[in-house]
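Taking it in order: structure first as structure tokens, then the write-up.
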Amino acid sequence: MQEVRAKVLMNSTEYISVLDNIKKEIQEAQHRAAVHANQELLLLYYDIGCTINEHKVWGNKFIENLARDIHLEFPGKRGFSERNLKYMAKFAATYTDCEFVQQTVAQIPWGHNIVLLDKVQDVEKRLWYAEACLKNGWSRNVLIHQIESGLYDRQVRADKISNFDRRLSSPQSELAAQTMKDPYVFDFIPFQENMRERDIEEALVRDVTKLLLELGTGFAFLGNQYHLNVGGDDFYIDLLFYNLNLRCYVVIELKTGDFKPEYAGQLNFYLSAVDGILKKESDNPSIGLLLCKNKNNLVAEYSLKDISKPIGVSEYKITSNLTGELEKQLPSVEDIQRRIM
């Protein structure tokens, strides 16, 4: 009888709901514990760094002796090497506001902080990357990739061309603008001379995980060459996404050449079709993004001025190593050194 009751209970919708809630509470508690433990460790490192900086007058051997004696006292304790103690001192010297440390950089792992200390010198830029790590849950390798691809300059300081402020209500217009980059960097695509639009599109889809990382937070890939039937005629969207943060469809069109005004008209039509066929009442207006190899900003601004749908125009770049033939034609580093000495 108990076994029968157990089977009934396990198949009960109410029981499954209770179980899911408990599992969620356990996972959230584990996450809070991990965050708290990381924060305590970072604050310890900060305090040790402050102490080291206060006694720098003791000379170069101070940190070396300190690392050795800590190891003797705590032989199984990792994280207190001479190198790491020097980073603690740099960490404390870089961030003089303890409250700021506690609220921001102590929320991300120590390895991430070392990357920021080594690779980002500008204070405003470093803070932006720290907050982006916290918001997006980037791994250390992803953080390095974002820094090396110049994400801050491409997303925050970029001269973005769009009509989002005129075609979208707040706060969606601000969120859409923040999502845009210029240029987009598709450095994971194998470079080929005279690449066609379809070649680039297929390469993006083959490595859609890296494409989503470059596009940013909240993008869900729905398909390429996405078919729409409008009044019996067939149309195909290059790339279709749904953005969970913006709560709207995002249509991306790829062009291998310079931006042309007629591209905006084509994308405007696609957005009207997506809004008429796919968009639900709870969705925000769909957004379009034209990715071109090059663009004239003034031409792009005039083209979008009277377009009815929200559209942004950005460039994209595909980086590559030099081809073997071209590499042979260029002087080596040794040749250059000989010529200038």
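The values are calculated or read from the model by the stated rules, or taken from the named source; none is laboratory data. Keep in mind it's a predicted model, so treat the numbers as computed, not measured. These accessible areas exclude ligands, DNA and RNA; they are computed on the full protein's heavy atoms, side chains included. Shrake-Rupley method; radii C 1.70, N 1.55, O 1.52, S 1.80 Å.
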If I build a Gaussian network model for the chain, linking alpha-carbon pairs within less than 10 angstrom, which residue out of Tyr316, Tyr45, Tyr226 has the largest mean-square fluctuation? Tyr226
Taking a probe of 1.4 angstrom, what is the accessible area of Met88 in Å², to the nearest 10? 0 Å²
Which of Lys279/Lys317; Lys125/Lys295; Lys181/Lys210; Lys86/Lys135; Lys181/Lys293; Lys160/Lys295 have a Cα-Cα distance over 19 Å? Lys279/Lys317; Lys125/Lys295; Lys86/Lys135
Considering only protein heavy atoms, what per residue accessible area in square angstrom results for region 94-163 with a 1.4 angstrom probe? 48 Å²
Tell me the per residue accessible area of region 241-326 using a 1.4 Å probe; a whole number in Å² is fine. 47 Å²
Using a 1.4 angstrom probe on heavy atoms only, work out the carbon and sulfur share of the accessible area of the chain in %. 52 percent
Once normalised by the length of region 138-248, the mean sequence separation of its alpha carbon contacts under 8 Å that are 6 or more apart gives a contact order in percent of 18 percent
Give me the angle, in degrees from 0 to 90, between the Cα long axis of helix 110-119 and the longest principal axis of the Cα atoms of the chain, rounded to the nearest 10. 70 degrees
Roughly how much of Lys280 is accessible, in Å² to the nearest 10, using a 1.4 Å probe? 120 Å²
For the chain, take the longest principal axis of its alpha carbons; what is the angle in degrees between that and the long axis of helix 13-54, to the nearest 10 within 0 to 90? 50 degrees
Looking at the chain, what % of its DSSP beta bridges pair antiparallel, to the nearest 5? 55 percent
Just to confirm the number: angle between the C-alpha axis of helix 261-277 and the first principal axis of the chain, 0 to 90 degrees, nearest 10? 90 degrees
Using only C-alpha positions, report the orientation-averaged shadow area of the convex hull of the chain, nm², one decimal. 30.1 nm²
